[in-house]
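Written out below as C-alpha cells is the structure these notes cover.
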C-alpha cells in the first residue's frame, strides 16, 4: 500500500536548539529549511522568536515549565522525549557545543548519532569563563565537554580556523570537519542601481567581539563618510554615546532589509576581535552574505574571516583593534569606485564558489547519510 499523499517519507533529522530561535540565528533556520532529501524536525525548550513557516510542522517543545526544567537538568525525559521517539529521527543535529552537551543524553538513550555544530564561543571561551558566566547550560558544558568529545558522532566547525582551535581543545580530529554556513545567492546579490558614495555598513550583534567601538573610532577620521549600524546588543547604548553624527543605529532588521542595505552600501566593515573573556568568532555570517552581495569587506585577521575575504582581492584585512589601519583601508575603498567594483565582483565569485547554500546543503545531507548508517 502506498503512503498517504501528504506524508513526508524523507528520513528525519532532529534539529536541536534550546531557544527556537534567537534573533541573530536565522542562519540555523535557513540551513534546516534548505534540506531537500532529509526532513528537518525542530526540537527545543522554548519558542523565543519567529520560526520559518516551512519548519513549524511537527515542531517539538516541552508541555510546560516543569517539563522544560526537567529536560534542562537531565537532557532527556518527559513527553518531549516520547514524541521525539515516535517521530523516528535518524540523527540529532545540535547547534553550539553547549546544546550538544545538553542533548547528549537524549541522543544516547535510543542510540541516535549526535552531530554538533561548533560556531565560536563554544570553542574559544575558556573553561573558567564558561563556569564564571553563571549560565547553567554553559557550566554543564564546561564540566561535561570531554564526554561530548568522546561520545558525539561528529563535530562540524564553521571555519578551518575554528576547527583548528577545536582540535587543540581536544575535539577529535578524525570526527571534526569544516562545514561553512551557506548563503542564499538569490536573496543576497549585487544590485542593479548605483551604490551610495561614502556609505559604510556594519552588521552584527553589538557585543565586544564585533569590534564596533574600534570602527566608530576609525570613522571619526573619515571625511564625507557615514556609518550605518544594523543590530542590537548590550553595548548599543554605550556605542551610541561614543558615536558622532555620521553614525546611524538602525537596530535589528529582517534579512531582506539587510540584503537591501548591502546593495546600497559601498563598503562593509567587519572589525571582529577577541574579547577580553576569550570570546571570538567562528566565521561571521554577515561576511559571507556581503561577498554574495558583491560588496567589498574591510575585515580583521580574526578567526575564519580570511577564509571569506582575500586581502587585496575581495577586500582588505587589518590587525585586530587597529583603528588607524581600519580607517586607512576603508578610505582607500571609498576613494576608488574602480577598486570597489573589481573587489565586489571578485567577492561575488568567491561566494558562488565556496558558500553557495545549495551546494553546502547537498554536502550536509551527504554527511547525514554517512553518519546515520554507522
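Averaging Cα coordinates gives a centre for the stretch 143-169 and one for the stretch 77-137; these two points are 13 Å apart.
Among 200-213, 257-270, sorting by the average number of other beta carbon atoms lying within 10 angstrom of each residue, highest first, gives 200-213, 257-270.
Entry note: the stretch 199-354 has Rg to Rh equal to 0.92, where both radii use alpha-carbon atoms and Rh is the Kirkwood radius. Remark: relative contact order (the stretch 199-354) = 24 percent; criterion is Cα-Cα distance under 8 angstrom and separation of 6 or more residues. Between residue 175 and residue 253, the C-beta separation translates, for a Förster distance of 35 Å, into a calculated FRET efficiency of about 0.40. The alpha carbon radius of gyration of the stretch 13-110, expressed as a multiple of 2.2 N^0.38 Å, is 0.98. The peptide list 289-295, 93-99, put in order of mean Cβ contacts within 10 Å with the highest first, becomes 289-295, 93-99. Pairs of Cα atoms nearer than 8 Å and 6+ residues apart set the relative contact order; for the chain it is 15 percent. Does anyone have the angle between helix 97-108 and the longest principal axis of the chain? Alpha-carbon axes, 0 to 90°, nearest 10? Around 20 degrees separate the two axes. Of all the options 126, 246, 336, the one that moves most in a Gaussian network model of the chain with Cα springs shorter than 10 angstrom is 336. Note on the stretch 337-374 and the stretch 266-302: Cα centroid distance 17 Å, given to the nearest whole angstrom. Among 255, 172, 271, the largest mean-square fluctuation in a Gaussian network model of the chain (Cα springs under 10 Å) belongs to 255.
Just so you know, all these numbers are worked out from the coordinates, no wet-lab data involved. Quick caveat: nothing in here was measured; it's all calculated off a predicted structure. Counting neighbours? That spans all protein chains shown, and the Cβs are built from the backbone with ideal geometry, glycine included.
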